[in-house]
Each structure stands twice: as C-alpha cells, then as structure tokens.
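What follows is a single structure, written as structure tokens, with notes after it.
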C-alpha cells in the first residue's frame, strides 16, 4: 500500500470523534466485521488509527477507497465546510431524463480532458443527493488529497452546492464539467453562502416554507383545539402590542424553525444623508460601508429581536427577505430615480 | 425585687405562647381555605367542560364521551382530536381541499397510489392583487412555476388538476421504486438507480432471490410526468445468458409497461417460485 494512502487514511481516522470511528468504518465497509473486531476502540485515537492503517495494509487499500472514507466523513459532518450555492440555467422545457451513469461519465470525461491528475469519487444518498469529491493535482503533480473540493447535487434541480476551499483557478473547470454533465447551458454563483448545508438546501429548495403537515393541521382546525384556561387574576400589560408583534413576526418568519445561516453581509454604496447645514461630505460621492451581521443562528436571532423588545416590528425587509430572496450577500446602491431611496442590486 | 422581675418574665412568656398559638391557628385556617379554593376551582373546570359538551351536543354534532356523568377535560380533548381526524379523512378522500385565509386560500393536495395514501402537499395562495403563490411545500423538481405560468391566472381549476396529476404521478412512481427496493432487494443488484423525479429507473435483476447472478437489465423511462407507468421499457439480457431469456425479457417488458413495478415483480417472481 502506498505510503501516502496510509498517511491519508491515518489522518482521516484521526479527524473522526472516537466514539464514531467504529460506525464510520462499518459504513465504509472496506474492512470486514471480523477485522473490526480486532481493533480496541477504547484506546487513544493515535493507536486506533495505527491499527486501522495496519488492517488497510492487509487489504491493500488504494486512494479511491481511502477517498470514500473521506466522503463518508464529510457527509456526516458537512457543517465543517463553507458551502457556496450555484444556480444553473437552461432554455427549453424538455423533460429531463436524468441518467446517473451518464452524468458521472460526462463529468469525469470533461474534467479529465482538461486535467489528467484528478481523483474523482461519487457517492449517492437516499435523498437523491449526489456527492462528488475531487482532489486536484497539476499537469506535473499527483492530486493533493488534502486539498479537496466537494460538490453536492440533487438531480433535476438547477442548484449545486460547492465547497471549494482550493485554488480558485480550478473552479471554472469544475463549473463547466457540472453544466455539461447535467445538461444545462450555464452556471452562476448565487449570493448565498453558509456552513449548514441542509439550511442552504432548505432555502433554495424552499423547504423551510413552514407548510409542514403539523402547522397546516393546526391552521385548518385551530378553532376546534383545546385552549388552556387563563387565570383571570393575571393582567397582561401592553397585551395588544405584544400580540401585534407576535402576529407580525409569524407573518414574516412563520411558525417553523428558521434555516441556519451564520452571517449576512451588506455592502453599502449609498449617499450619506445628513442635514445639509452640517455638510459632512462636500464631495457628492457614495459613502462606502460594509455591514456584517454574525450569529450562530442569524435568522432565529432576528426572529427573537422584536418579541424581546430590542427592535421594532416589522423588521427591515433587508433582513427579513434573506430566505425568500435566497441570498445573504447584498449590494445596496442609490436608486437612480426621482424619489430617493436605495435598491438592492440583483 | 428579683421575684417581681421573675413574675414579669413569666407573664411575658405566657403572652408570647398565646400569640404563637394564635398565629399557628391562623396559618392552619389559611391552609384549609387554600385547599378549599383548589377544590372549588377543580369543580368549576369540570362543570365548564360539562357545559361545553352539552352545548356541542345540542348543536347536533357527534360527541364521544365515555361517562356522560363526568366528562373530564381529557375526554373533551380526545373528542376534539377525533373529530379533527375524521375531517382530515374526508379531505384525504377528495384529494384536494382548501380553506380561506386572511389574504387568500390555502390548498392541500393529497396523493395516493392504488389505495395507499402518500404525502400531502400544500399551497398558500394570495388572491389580491392577482392570484399568486405565496408559499408552498411542493418539491423543487416538480415544474410548479411552468404549470403556474400556464394556468394559474386563467384557469385555476385546471392548474390544480394538472398539478395534482404531476404530484400523484410522482408519488406513485416513487412509491413503486421504494416498494421494489424494499420487498425485492435480493432480486436486484445493488440499489436501484433512480433520480429525483423517479422518471428513469435502471437496474439489473433476476427472477429468484436465491440466484447470485443478475442476468436481466431493465431501463424504464417515464416520459409523461403525469403518468405513473413507463412510456418506454428496455429489458435486455447478458450476452453470456441462454437464448431462452429473450422470450422472458419480452414478457417482463410487457408486464412493466402495463402494471405497477412491484406488482410485476410479484407476478414473475411467484411464477418462478412455483417452477422451483
């Protein structure tokens, strides 16, 4: 077995939390159950990984098999990467007969015709997600297994999720291969990025739409449901205002959990509006400014602002439009019309 | 003197003891009254539930009450849940249902395939200034936008009919593929190759779970997205397989064209078992 393969497997196993190693190796399926029994998963990870490498040596693992273990790890821990969302376009409405074999063949052929030194692995999951792992090399060097790009694609949808983390120069090649393989015409990057792959999927596939069976169930039959008796001795202050805020919040955010985003960025190129007498800027130039909101869970925190009394309801549409517009990077410029204001560029 | 002082202390102690007894009695009384209040509140709630139930019965609705003398809050809740479930059942049977909302209508499209209920999908429509889709739970790969562009403004009944056809057909295709994977996994090599719309299925298979080889290859294309049966079927067999398989392949192809995938498998699998 190649030294580099052994080292790669060793480092991949080290990344896995100790109590997950056995399950992941079982999912991998490269080592037999009998072989797995011989490993003591209670020892320190350094030793476990050495044992695993030893067994892989016995089975003569190659880089393709090692890559599969990496895909399994990345699929279980996708949030460790930053995902960018891309949208493909095509003209015409022909019924798409998406053939997986055909897709894989075209993708590999396109990529390999431009760059000989690449490792390409595919893995399909039950939710029709196709995971592609690409390790990039150069015309003169072998693929670097530690500099990988991941692509997640659901057939018959125009959206692709890419975690590049590599040389930007390979990105156009990757995009081209995808467009050709999926039978589309072109591809563009959307202004939507985040760590939570599932949340990004929720946003573009509109799965966050709060119309789950449960919420519609309650919606249709709310009048019949049991309402708890309230104690008449308790008086709610500002009851109307609180109810208005709740109602507006529900209109805007819905009842369900919000998709998980970590930041929203607004690049402002607007004119500074001040009292003409103050004359802060004598040059009539746009004021450039970058505003970035960060949070472990941005949309949930925005949702809780008004009920917590920290902001007025309704919130600015610039914040609340994030899921509907499927973007969290904005450029705001001056509106070139007769009434002042600003508009969000496409 | 000392004795007078002692007398004074004694008197004070006596006073304190009397006061303490009084406070204790007060507290006991308070506790009893509190308990009484709880009791009365409980009774009040029960009576309220009873009255509620009586009113509903008078309106001519069905009520399920186990003990007409003492309908507990629990029983009332159970009755409400049951009537809600009954209404949902009615909606399932009709396939499309709707309810007026503040700004429009919310529709629910229920899908089913040959007697089995499958998923439901929802559309929240706005009616002003024109009919538009506000929110929905239709999967992204169903051509909702295209269907809406064609029919939503002009013929809303047709819109729902076409959309319902798409969704029912998709649910049916997916159900067949799932059933095949679940019940005939030993007759299929690996996993079924499919896609999001389940409109292209490719798999290698055999006719008996005991066999280790998979001489047949099936390729099913569902060209009509509103149909849950394939428009084109290609069944081929391995080059090294006996020529007699040609006839079997043709028979299978015919079955796949006419009936549900898992039923077709049941047909030729059971025949095979009989032969064995």
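The values are calculated or read from the model by the stated rules, or taken from the named source; none is laboratory data. What you see is a predicted model; the values in this text were computed from it and never measured. Glycine also receives a Cβ, built like all others from the backbone with ideal geometry; neighbour counts cover every protein chain displayed.
In a residue-by-residue description of segment B:180-190, the property of being modelled with pLDDT under 90, part of a loop (DSSP other than H, G, I, E, B) and within 30 Å of residue A:159 (Cα to Cα) applies to at least one position. Look at (1) out of contact with any strand residue (DSSP E or B) (no Cβ under 9 Å at 6 or more places or on another chain); (2) exposed (fewer than 15 other Cβ atoms within 10 Å of the Cβ); (3) modelled with pLDDT under 95 and you find that residue A:109 fails only one, number (3). Each residue in segment B:115-139 was checked for being surrounded by fewer than 17 Cβ atoms within 10 Å (Cβ to Cβ), without any contact (Cβ under 8 Å) to a residue 40 or more places away in the chain and either facing chain A (nearest Cβ under 8 Å) or under 20 Å from residue B:195 (Cα atoms) (or both), and 0 pass.
So which of A:161, A:97 ends up being at pLDDT below 95 and in contact with a strand residue (DSSP E or B) (Cβ under 7 Å, 6 or more places away or on another chain)?
Numbers: A:161 fails: at pLDDT below 95.
Just one listed residue meets the conditions, A:97.
Summed over segment B:232-265, residues that are free of Cβ contacts under 8 Å to residues at least 60 places away in the same chain and either crowded, with 17+ Cβ neighbours inside 10 Å or in contact with a helix residue (DSSP H, G or I) (Cβ under 6 Å, 6 or more places away or on another chain) (or both) total 11. Applying the criterion of being farther than 28 Å from residue A:96 by Cα and surrounded by fewer than 15 Cβ atoms within 10 Å (Cβ to Cβ) to the residues of segment B:195-231, the residue that is farthest from the other protein chains (Cβ to nearest Cβ) is B:208. Can you confirm whether residue B:24 is over 28 Å from residue B:74 (Cα atoms) and either assigned to a helix (DSSP H, G or I) or within 60 Å of the chain's Cα centre (by Cα) (or both)? Yes.
Cβ-Cβ distances below 6 Å connect the following pairs, each with a first residue in segment B:22-50 that is away from chain A (no Cβ under 12 Å), a second residue that is outside any helix (DSSP H, G or I), and a separation of six or more residues or different chains: B:50/B:71. Filtering segment B:140-163 to residues that are in contact (Cβ under 8 Å) with a residue 60 or more places away in the chain and either touching a strand residue (DSSP E or B) at 6+ places or on another chain (Cβ under 7 Å) or part of a helix (DSSP H, G or I) (or both) leaves B:160, B:162.
The number of residues in segment A:312-328 being assigned to a helix (DSSP H, G or I) and in contact (Cβ under 8 Å) with a residue 60 or more places away in the chain comes to 3.
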